[in-house]
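Throughout, read-outs are computed from the coordinates displayed, never taken from laboratory work. Remember, it's a predicted structure, so these values are computed and weren't measured experimentally. Heads up, the Cβs are rebuilt from the backbone with ideal geometry, glycines too, and the neighbour counts pull from every protein chain shown.
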Amino acid sequence: MRLRLFPAHLASTMLGTALLSCAALALGQYTPPDELQPAVGMLSAEQVEFITSGAVLDFIPERQLEHELATRDADALARFLDDLMSLSAQMVYDPDRDMGAAPLNLHAEFFNGPTPVAAPLRELQREPGPFSVHRYLFPQSGVPTFGGAKVAVWPEDLVAGNVDVAIIGVPANMSSGARDSGSGPNAMRILDTIATPDGQSLINPFDALTVVDYGNFAIDYMSTEKTVDHITKMVAETAGTGAIPMLVGGDTSMLYPGVKGVAEVHGTVSFGLLHLSAHPDVDRFGDHVISDRQALYRLLDQEIIAGNETVQVGLRGPALTVDTLTWLRDQGVRYHTMAEIRQRGFERVLKRVLREVDRGPDALFVSIDVSVIDPAEMIAAGRATANGLSLQEVTRAIRHVCASKEIVGFEITDLAPMLDFSSLSVMHANAALNACLSGIAVRRSGLDADYIHPLALDHGQR
């Protein structure tokens, strides 16, 4: 094969023409090559404008357009362009014909997802109470549930079973960060590492407490607002039975309906909030009404919780600004950044956190965004941020608080399993949830939060 070499002056001219063509396209314009100008000259002024404005390129590639200009006769080319212009007219926004926005029907009785309450299911006859969905002696096989727990479906199941803790999946997946938090609940169910004995007291939380898997709450896949209303209602219904709702997310936008639902039962500003997260979640100027970034702001702004009864631990990252910390301080929030923890040491800061929690209300809601854990141990955080706490530090704080206070609600959010194929992140998320279960079990057993079983402390050999 022979190669033809272009003269230098011709190559330079061609390069200049190509650059001018690219510049014109960037401005939304198009200039046909010189050899196609006679074909363009036979078109109407409207058709020429359609071509040279670049509008035609929304419907046909440049190379194909030049082929049509070169091969069609005048009549065929005019008909071809008329068809494209007609299509363009139908697709453009017309205020006399088209709605400016698709309205959201807030009064609709259905979700864009599972129907929240299927009436025929209520007609099934069985004795109320938790029931097993496992066909084998050990729950590792069969239908996966949180920790292999029995299942409850209706509030009367929780009441009849005198349930202490209802673990609930909330697979919301519409906020910022890596979008796989909707897979979090099932990933934590499948990896059966929740119902493990407390390494300090040696109490198995599933022996000391009645724990059930309360299934997943329905999510509207096209509306966070409709989801928020439904989750609030369902959390309130759960808390009203006397069971502690433990929510497994899902993204952190569910912090708002989780706390709000509990407040509808226990009363606003009647309990404190411990929020472990890399992110303050108090964006006051964002475009959205509710997302993970506004969740805590809405709770404080609507006075569902009190600022001086709110403690945040592990803050860092891009949202940690002078303006944000000043606003938190003005609300009375006790915040603890990673800068404080690294400067003063975790032990000292933990003691300060525990004092602040202890001085607050007897009841407490505990919220954990897995981003609080360093990515070295929690790579599957939806909004992962470097330089966080270790898993050991997080679980230690959670266990102590859940053993010290009357827990009225708990949630763990923002686990995005697809980011960690090793499942190590899921195991660590389960460990954080189990730490609170262990703390609740220690408290219900009448033991001090710092109690250590003698056999766990010393082997006793001489």
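Calculate, for SER88 and ARG284, the FRET efficiency according to 1/(1 + (r/R0)^6) with r their C-beta to C-beta distance and R0 45 Å; round to the nearest 0.05. Write out the running numbers ahead of the final one.
Numbers: r = 42 Å, r/R0 = 0.93.
Rounded to the nearest 0.05, the efficiency is 0.60.
Between LEU354 and ARG179, what is the FRET efficiency for a Förster distance of 30 Å, r being their Cβ-Cβ separation, to the nearest 0.05?
Values: r = 35 Å, r/R0 = 1.18.
The calculated FRET efficiency here is 0.25.
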- Pulled fully out, how much extra length does the chain show between ARG329 and LEU424, if you take 0.36 nm times their separation in residues and subtract their Cα-Cα distance? 30.6 nm
- Message: As I understand it, the dipole of the chain uses +1 on the Cβ of Lys and Arg and -1 on the Cβ of Asp and Glu, about the Cα centre. Which of ASN204, GLY100, LEU455 lies farthest toward its positive end?
- Response: LEU455
- Task: Report the relative contact order of the chain, percent, no decimals, based on alpha-carbon pairs under 8 angstrom and at least 6 residues apart.
- Result: 14
- Query: About the Cα centre of segment 340-418, what is the dipole size in debye to 20, counting +1 per Lys and Arg Cβ and -1 per Asp and Glu Cβ, all else neutral?
  - Reply: 360
- Can you tell which of ALA384, GLN294, ALA431 lies farthest toward the positive end of the dipole of the chain, using +1 and -1 charges on the Cβ of basic and acidic side chains (Lys, Arg; Asp, Glu)? ALA431
- Cα long-axis angle, helix 391-404 against the chain (0 to 90 degrees, to the nearest 10): 50
- Query: If the label point is 7 Å along Cα→Cβ of ALA78, which residues in segment 41-56 have backbone nitrogen under 14 Å from it?
  - Reply: 41-48
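How much length would be gained if the chain were fully extended between ASP207 and ASN162, taking 0.36 nm per residue of separation minus their Cα-Cα distance, in nm to one decimal? Intermediate results must be reported in sequence, preceding the final value.
Details: separation 45, 0.36 × 45 = 16.20 nm, distance 1.40 nm.
14.8 nm is the gain from fully extending ASP207 to ASN162.
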- Query: Rounded to the nearest 20 Debye, what is the dipole magnitude of the chain about its Cα centre when Lys and Arg each give +1 and Asp and Glu each give -1 at the C-beta?
  - Reply: 1840
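How big is D for the chain, in µm² s⁻¹ as a whole number, if Stokes-Einstein is applied with the Kirkwood radius of its Cα pairs at 10 °C and 1.306 mPa s? Could you put the intermediate results ahead of the total?
Details: Rh = 25.9 Å.
D, rounded to a whole number, is 61 µm²/s.
For SER270, SER425, SER253, what's the fewest-to-most ordering of other Cβ within 10 Å of each Cβ?
Details: SER270 16, SER425 27, SER253 31.
The most exposed by this proxy come first: SER270, SER425, SER253.
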- Query: If we count every other residue with Cβ under 13 angstrom of PHE206's Cβ, Lys/Arg +1 and Asp/Glu -1, where does the sum land?
  - Reply: -3
- So what are the ³J(HN,Hα) numbers for segment 439-446, from phi and the Karplus equation (6.51, -1.76, 1.60; θ = phi - 60°), rounded to whole Hz, Gly and Pro as x? x, 4, 5, 4, 5, 5, 7, x
- Item | Residue-count net charge about GLY184 - beta-carbon cut-off 12 Å; Lys, Arg +1, Asp, Glu -1 | -4
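Calculate, in nm to one decimal, what GLU347 and VAL322 gain on full extension: separation in residues at 0.36 nm each, minus their alpha carbon distance. Show your work: numbers first, answer last.
Working: separation 25, 0.36 × 25 = 9.00 nm, distance 2.57 nm.
Gain in length upon complete extension: 6.4 nm.
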- Query: Modelled label-to-label distance, ASP448 and VAL133, 7 Å Cα→beta-carbon offset: nm?
  - Reply: 4.2
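Provide SER86, SER201, SER181, SER176 in ascending order of the number of other Cβ atoms located within 10 Å of each residue's Cβ, fewest first. Don't skip to the end; give the middle numbers.
On the way: SER86 10, SER201 24, SER181 32, SER176 18.
Arranged by neighbour count, lowest to highest, SER86, SER201, SER181, SER176 become SER86, SER176, SER201, SER181.
Nearest-5 percent of antiparallel DSSP beta bridges in segment 128-444?
Details: 2 of 38 bridges.
Here the share of antiparallel DSSP bridges comes out near 5 percent.
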- Where a Cα-Cα gap under 24 Å defines reach, which lysines qualify for LYS351, not counting those fewer than 8 residues away within the same chain? LYS405
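Would you mind ranking THR227, THR395, THR210 by Cβ crowding within 10 Å, fewest neighbours first? List each step's numbers first, then the result.
Numbers: THR227 26, THR395 23, THR210 17.
The order, fewest Cβ neighbours first, is THR210, THR395, THR227.
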- Message: Using only the alpha-carbon atoms, how far is helix 62-71 inclined from the longest principal axis of the chain? Give it as 0 to 90 degrees, nearest 10.
- Response: 30
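Pairs of alpha-carbon atoms within less than 8 angstrom and 6+ residues apart define the contacts here; what relative contact order does segment 172-258 have, in percent? List each step's numbers first, then the result.
Values: 68 pairs, mean separation 35.6, N = 87.
After rounding, I find 41 percent.
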- Message: Between helix 224-239 and the chain, what is the angle of the helix's C-alpha long axis to the longest principal axis, kept within 0 to 90° and rounded to the nearest 10?
- Response: 10
